[in-house]
Every structure is written in C-alpha cells, then in structure tokens.
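What follows is a short report on a single structure.
The values are calculated or read from the model by the stated rules, or taken from the named source; none is laboratory data. Remember, it's a predicted structure, so these values are computed and weren't measured experimentally. No Cβ is skipped: glycine too gets one built from the backbone with ideal geometry, and neighbour counts run over all protein chains shown. Heavy atoms of the whole protein, side chains included, go into the accessibility calculation; ligands, DNA and RNA do not. Shrake-Rupley method; radii C 1.70, N 1.55, O 1.52, S 1.80 Å.
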Amino acid sequence: EPGFSALVISMSIFGFIGGVTGVIQGQEQINMIVHNTLRVPGHFHATVVVGTTLAFMGLSYYVVPLMTCKALVLKSWAKVQPYIFGLGITMVALGMLWAGIDGVPRRTADVGGGIQGSALNLSIMGIGATIAVIGLLMFVIVAVSTLLYGKKQPSAA
C-alpha cells in the first residue's frame, strides 16, 4: 500500500536521521561549530522534506481517490514512488550532513577554500536530488492522472 509505505519511510527517516542530527546539533558546543555549514540544511531536509512532504504524499494516495471517487491510476508507480523519493531525499540529506562535517558553508555559492574531501558528499547530494525529482514527478503523474483519467468508483456514502 503506497500510503502506508510513505508514512513508514517518512517516520523512519524523520525519527532516525532528523532526530539524531537534531539532538546533536542542539548541543551548544556543536551548534557553534556547524551552524553555518551544510549540516543545518541537511538536518532540515531529513525532517521537513522527508518527514512532512513524504507523509503528505502518502496521505494523498488515500485522500485523492476518496474525494474524487476515482480509482488510483498507475498503482505500480504509486507503490515504488515513496521508496524512490525517500531514497533520493535521504541521499540529499546525508550528502549535506557529511559536507557540513567537512566544513562546507551554507548560504554561499562558493564551496571552495581547500575543501576537497567534500566533492564526493556534494556528488551524493546531487545524485540524490536527481532521484528525488524522479520520485516527485512520479507522484505528480500518478495524482494528476488519477484526477483526470481515474475510473469512477461508487461513492462510499
């Protein structure tokens, strides 16, 4: 069930990656070191993007067919979409977190300054972003196709 898998994935990543990084970055000494690095956006991607966005995607797999009385279209895509989006955003978050540990600054376009080890981390982030966009597009196609082309189902009321 795509809605259930989206919820489980979002809660797992939100709780583990987002929770652990939140507790670590909540310590004053560590916060002073990592506050202006990519570690902070990595934490927010693990909490807000995975935790919230993926949960709402999963909820919409229940709500859209319920409100429109139409069957979900491309159910096979809907089954794998939470995994693809979750994997992509997890790679984005981890790439940012690891790059932040290397000292890559946030709020700037320049990530230079002798930070050679972070190229791999930023590459992981970019590959993850590509995977996440594919998952996002899959979700949009499933949702819009359901609205436009879904077969009418009898009303529950």
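Here are a few things to note about the model shown:
- Test: residue in the range 9-18 that is more than 16 Å from the chain's Cα centre (by Cα), free of Cβ contacts under 8 Å to residues at least 24 places away in the same chain and open to solvent by 40 Å² or more (accessible area, probe 1.4 Å): no
- Among residues of the range 54-79, those that are part of a helix (DSSP H, G or I), open to solvent by 40 Å² or more (accessible area, probe 1.4 Å) and either polar (S, T, N, Q) or in contact (Cβ under 8 Å) with a residue 60 or more places away in the chain (or both), counted: 5
- Test: A119 is assigned to a helix (DSSP H, G or I), open to solvent by less than 50 Å² (accessible area, probe 1.4 Å) and among the aliphatic types (A, V, I, L, M): no
- Contact annotation: residue pairs with Cβ atoms under 6 Å, 6 or more positions apart or on different chains, pairing a residue in the range 128-155 that is more than 19 Å from G58 (Cα to Cα) with a partner that is open to solvent by 40 Å² or more (accessible area, probe 1.4 Å) and of a type in the set (A, V, I, L, M), are G128/M91.
- The lone exception for M32 - which of (1) loosely packed, with under 15 Cβ neighbours inside 10 Å; (2) under 23 Å from G135 (Cα atoms) it fails: (2)
Here's the yes/no breakdown for (1) closer than 14 Å to T53 by Cβ; (2) of a type in the set (A, V, I, L, M); (3) at pLDDT 90 or above; (4) over 21 Å from the mean Cα position of the chain (by Cα):
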{"residue": "I124", "(1), (2), (3), (4)": "no, yes, yes, no"}
{"residue": "L136", "(1), (2), (3), (4)": "yes, yes, yes, no"}
{"residue": "G150", "(1), (2), (3), (4)": "no, no, no, yes"}
{"residue": "P154", "(1), (2), (3), (4)": "no, no, no, yes"}
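- L87 closer than 18 Å to M11 by Cα and not in a loop (DSSP other than H, G, I, E, B): yes
- Matching helices (runs of 4 or more DSSP H) fully within the range 1-41 where at least 3 residues are in contact with a His (Cβ under 8 Å, 6 or more places away or on another chain) and within 22 Å of N121 (Cα to Cα): 19-25
- Top-ranked residue in the range 91-101 [being under 21 Å from V23 (Cβ atoms) and surrounded by fewer than 24 Cβ atoms within 10 Å (Cβ to Cβ); ranked as modelled with the highest pLDDT]: L94
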